[in-house]
Amino acid sequence: KSSLSSAAAQNRVLFGTAFCTSDLLSQPLTRAILYNCSVVTPEYELKWDAICREHGLPEYSAADELVSFASRNALAVHGHTLWWHESIPAFLQAGTVDQFRDAALNHLKTTVTRYAGQVHSWDVVNEPLEPADGRTDGLRLTPFLAAFGPDYIATAFHQASLLDPKAILVLNEMGLEYASPAAERKRRQMLALLEREKAKGSPISCLGIQSHLTALEQPRDHPELRAFLREIRAMGLSVMITEMDVSDHLCPRDRRRRDAIVAETYRSYLDLVFEEAEVIAVSTWGLTDDRTWLNGFRPRPDGARQRPLLFDRAVRRKPAWHAVQDALLNG
Ligand code: G3I
């Protein structure tokens, strides 16, 4: 039985998933990860609020456990994520701007230094854009912007590059793949942001496209996404699909039909991305349906559990597994 990582390797692409320490307690799931993945992303343990839960000393033991599991099993680690407005430690939210600035820099330097040489790539900054926040540059109004100004992105990337010159440094964003006027605006703002960062010499070498797709909403073909990916490639940037899953909340309840629609969504999306971008890794956000975050975020109206991933809860391959394998082989 071929594995997804061997299918991906035929096109010099890594295939992986997000995982967390509790996943390592399940032998079938760990086996599926080891057999199918060549890269793994800690879903939570490398986030700032997971490391700095209380004031004082950072706690890296959970992250260390995942990173050493990966390196023992020759899996690349995708570090997620250094600066993200949704993972700022609670005790800092009440502090001064100066305290925040020092803490943010200290966290980035300490973390990148700790794992230098062990992390294949870093989501250095996650979700920097929010057009609805009203800035002409589309930057989201976050404590990072307030503390450092618009140069916070260049600051983060320069520091990370200094401390781990070998790591691939990724700017990760959600919603770039959607088909809507707001998504098109976000794509335009992302291109302008990347041009500005390039002009500043920011060592961004890869764009992370989260790819949280919705079945029956994600168009089979998507000319605006194609054009965007072509411009990314023309800028000399590679692409990582960092958090791919397919929400089935709009699909009929019937399991076979749902699984087929989800599989087709994966297939057509990956075919398009491989045609237009220099892809270095494809990761799903979890491997088995029972691991998905989507039941909370996008509950199905009929109350049925979501089936968004490549394996079912019994760690059996689904049609989506075969669809992704086909796309990786033909990538
Ligand atoms: O493990 C702790 C537990 O010890 C503690 O008692 C409990 C209560 O505070 O929290 C537990 O941590 C939770 C963690 O998931 C692990 O399960 C956090 O509360 C919870 O906020 C965290 O949610 C994660 C979320 O990001 C925020 O970090 C989700 O699992 C994860 O799927 C989600 O992933 C994000 C990406 O990072 C960025 N893109 C969107 C994506 C989906 O929201």
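Give the residue list of GluC sites (Glu not before Pro) in segment 271-331 that are DSSP loop and have at most 16 other beta-carbon atoms within 10 angstrom. Don't skip to the end; give the middle numbers.
Details: sites: GLU275, GLU276, GLU278; in loops: GLU278.
In loop regions of segment 271-331 (DSSP not H, G, I, E or B), the sparsely surrounded GluC sites (Glu not before Pro) are GLU278.
Adding -39500 (n - 2.57) for every DSSP H run of four residues or longer, then dividing by how many residues the chain holds, sets the calculated 222 nm ellipticity at -12500 deg cm²/dmol. Here segment 18-161 was treated as a single set of alpha-carbon atoms; its pair distances binned every 10 Å from 0 give 11, 40, 31, 15, 3 percent. The GluC sites (Glu not before Pro) of segment 148-237 meeting both criteria, a DSSP state outside H, G, I, E and B (loop) and at most 15 other C-beta atoms within 10 angstrom of the site's C-beta, are GLU217.
For segment 130-284, just say rounded, prolate or oblate: build the C-alpha gyration tensor, square-root its eigenvalues into a ≥ b ≥ c, call rounded for a/c under 1.5, and beyond that prolate if a/b exceeds b/c, oblate if not. Could you put the intermediate results ahead of the total?
On the way: a/c = 2.07, a/b = 1.73, b/c = 1.20.
Prolate.
A P(r) calculated from all alpha carbon pairs of segment 269-310, with 5 Å bins opening at zero, reads 5, 21, 22, 15, 15, 13, 7, 2 percent. From the square roots a ≥ b ≥ c of the eigenvalues of the alpha-carbon gyration tensor of segment 80-140, which class results: rounded (a/c under 1.5), prolate (a/b over b/c), or oblate? Oblate, because a/c is 1.5 or more while a/b does not exceed b/c. Across the chain, the relative contact order, built from alpha-carbon pairs under 8 Å that are at least six residues apart, equals 17 percent.
Of all beta bridges DSSP finds with both residues in the chain, what is the antiparallel percent, to the nearest 5? For the chain, the DSSP antiparallel bridge percentage is about 5. Distance from the alpha carbon centroid of segment 171-200 to that of segment 315-330 works out to 29 angstrom.
Among PRO58, PRO301, PRO252, the residue with the largest mean-square fluctuation in a Gaussian network model of the chain, with springs joining Cα atoms closer than 10 Å, is PRO301. Counting every other Cβ atom within 10 Å of each residue's Cβ, PHE297, PHE311, PHE100 order from fewest to most as PHE297, PHE100, PHE311. For segment 11-58, applying the loop criterion from DSSP together with a ceiling of 10 other beta carbons within 10 Å to the trypsin sites (Lys or Arg not before Pro) yields ARG12. Among beta bridges identified by DSSP and lying wholly in segment 92-239, the antiparallel ones come to about 10 percent.
Using Cβ counts within 10 Å as a stand-in for footprinting exposure, how do THR142, THR30, THR96, THR265 rank, fewest first?
Working: THR142 20, THR30 16, THR96 10, THR265 25.
With the fewest neighbours first, THR142, THR30, THR96, THR265 line up as THR96, THR30, THR142, THR265.
Taking the DSSP bridge list for segment 207-331 and keeping only pairs wholly inside it, about 10 percent are antiparallel. Cβ crowding within 10 Å ranks MET190, MET240, MET235 as MET235, MET190, MET240, fewest other Cβ atoms first.
Treat segment 1-76 as a sphere of radius equal to its Kirkwood radius over Cα pairs and apply Stokes-Einstein at 37 °C in a medium of 0.692 mPa s; give the translational diffusion coefficient in µm²/s, rounded to a whole number.
Details: Rh = 13.3 Å.
Reported coefficient: 247 µm²/s.
Two-decimal Rg/Rh of the chain from alpha-carbon positions, Kirkwood Rh?
On the way: Rg = 19.1 Å, Rh = 20.1 Å.
Dividing the radius of gyration by the Kirkwood radius yields 0.95.
Counting pairwise Cα distances across segment 224-331, what percent come out greater than 22 angstrom? It works out to 34 percent of all Cα pairs.
All of the numbers you see were taken from the coordinates with simple rules; none came from a lab. No experiment lies behind these values; they were computed from the predicted model shown. Cβ atoms come from the backbone with ideal geometry, glycine included; neighbour counts cover every protein chain shown.
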